[in-house]
Amino acid sequence: MLKAPKMKLIHLTDTHLVRAGELLYGLDPKARLDACIADINRNHGDADLAVITGDLTHFGDREAFQALRQSLDALTVPVQLIVGNHDTNDGFREFFPDVPVDETGAVQSARDTGAGRLIFLDTTKTGTHAGWYDEVRLDWLEARIAESGDAPIFLFMHHPPLLLGVPAMDRIGLMQRDLFNARMTPYLPRIRHVFFGHVHRPVSGSWRGVPFSTLRAMSHQVWLDFSEETEGVPGSHEPPAYAIVLIEPEQVVIHFHDFLDDSRKFNLRDVEYGFWDEQERRLSAAE
Ligand SMILES: [Fe+2]
């Protein structure tokens, strides 16, 4: 018998908002986010939390954060924001004063839920697109893990804690990757999943035994290119997606939804295609 999920999260990332009505790389980021929010409200309004893993805006200007505020006001699901390398300025605090920060001003916090402790990291540093997670932030993270007893841990961060094999993005990965790995070693058995953004591509796997996932951005994408020779970041107009994360004590299931897909939807029993009856006949004959 199916059990109801213990927790339902929405993961979206890299909204890269610019001023309302303006385009970025030929795309309208706010229109995409608004369509995504409408889809979430319509189909997943029962989610416990939506997390946006950074690059909320593209240029970090206050008008973009204002546009984000306006869009998110329509979301019926509670939302948690993480900053990315494009967000390093003051506009964030002006429009999102209630998002918790640590004692150094870094936008990071923890939230206890029935599924475990969700920890939201700030991996940004003004002046670089690479990720930054120094000893001070690691101290903060270790304290948040330590104070949670033996609760399962879910990490949310903008920059991935590992190299992914896409040179354009690995070059602007986490600067203190080795240090991060070393300091997290004792806690790996308790970390159930790492969610991140930054790479604008669907990628999943495991990091030192811990499952991870990321997904296509809400805005432009990064084209799959493993060449070390490629300069800059290869972009693409592949479609956006958001993820629905179903967390239970013994499993984490992540569905990726191309919410703008307008290809034909149909029931597989639809006689118009004629396959169903033919298959049924073959199966019956084989029995
Ligand atoms: Fe991004």
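Largest first, how would Thr76, Thr128, Thr57 line up by accessible area (1.4 Å probe)?
Thr76, Thr128, Thr57
Over the chain, what percent of the accessible surface lies on carbon and sulfur atoms, probe 1.4 Å? Intermediate values should be presented prior to the final figure.
Working: 7310 of 13900 Å².
C and S atoms contribute 53 percent here.
Can you tell me the orientation of helix 135-146 relative to the chain, as the angle in degrees between its alpha-carbon axis and the longest Cα principal axis, to the nearest 10?
So the helix axis and the longest Cα principal axis differ by about 60 degrees.
With every protein chain kept in the model, how would you rank Phe266, Phe195 by accessible area, 1.4 Å probe, largest at the top?
Values: Phe266 100, Phe195 0 Å².
Most to least solvent-accessible, the answer reads Phe266, Phe195.
How far is helix 62-72 tilted, in degrees, relative to the longest principal axis of the Cα atoms in the chain, given as a value from 0 to 90 rounded to the nearest 10?
Taking Cα atoms only, the helix is inclined about 40 degrees.
For a quick check, take a GNM of the chain with Cα springs below 10 Å and name the residue from Ala217, Ala143, Ala67 with the largest mean-square fluctuation.
Among Ala217, Ala143, Ala67, the largest GNM mean-square fluctuation belongs to Ala143.
With a probe of 1.4 Å, find how much accessible area the chain has per residue, and write the answer as a whole number in Å². Please report the intermediate quantities before stating the final value.
On the way: 13900 Å² over 287 residues.
For the chain, the per-residue accessible area is 48 Å².
Could you rank Trp223, Trp132, Trp207 by how accessible they are, 1.4 Å probe, largest area first? Could the numbers behind the result be given before it?
On the way: Trp223 130, Trp132 65, Trp207 10 Å².
So the residues, ranked largest to smallest area, are Trp223, Trp132, Trp207.
When the Cα atoms of segment 1-156 are enclosed in a convex hull and the volume is divided per residue, what value in Å³ results? Walk me through the numbers on the way to the answer.
Values: hull volume 19.7 nm³, N = 156.
In segment 1-156, the Cα convex hull volume per residue is 126 Å³.
Using a cut-off of 24 Å between alpha-carbon atoms, which lysines can reach Lys8, once sequence neighbours fewer than 8 places away in the same chain are excluded?
none
Please give the per residue volume of the convex hull enclosing the alpha carbon atoms of segment 7-286, rounded to a whole number of Å³. Each step should come with its number before you reach the end.
On the way: hull volume 48.2 nm³, N = 280.
Value for segment 7-286: 172 Å³ per residue.
If you take every DSSP beta bridge whose two residues both sit in the chain, what share of them, in percent to the nearest 5, is antiparallel? Mind showing how you got there, number by number?
Details: 25 of 46 bridges.
Taking every DSSP beta bridge with both residues in the chain, the antiparallel ones total about 55 percent.
Regarding segment 65-219, what is the average projected area of its C-alpha convex hull, in nm²?
Details: hull surface 37.7 nm².
Convex hull of Cα atoms, orientation-averaged projection: 9.4 nm².
Per residue, what volume in Å³ does the Cα convex hull of segment 6-75 take up? Don't skip to the end; give the middle numbers.
On the way: hull volume 5.4 nm³, N = 70.
Each residue corresponds to 78 Å³ of Cα convex hull volume.
The values are calculated or read from the model by the stated rules, or taken from the named source; none is laboratory data. Keep in mind that what you see is a predicted model, and the values were worked out from it rather than measured. Quick note on the areas: whole protein, heavy atoms, side chains included, nothing else; ligands and nucleic acids left out. Shrake-Rupley method; radii C 1.70, N 1.55, O 1.52, S 1.80 Å.
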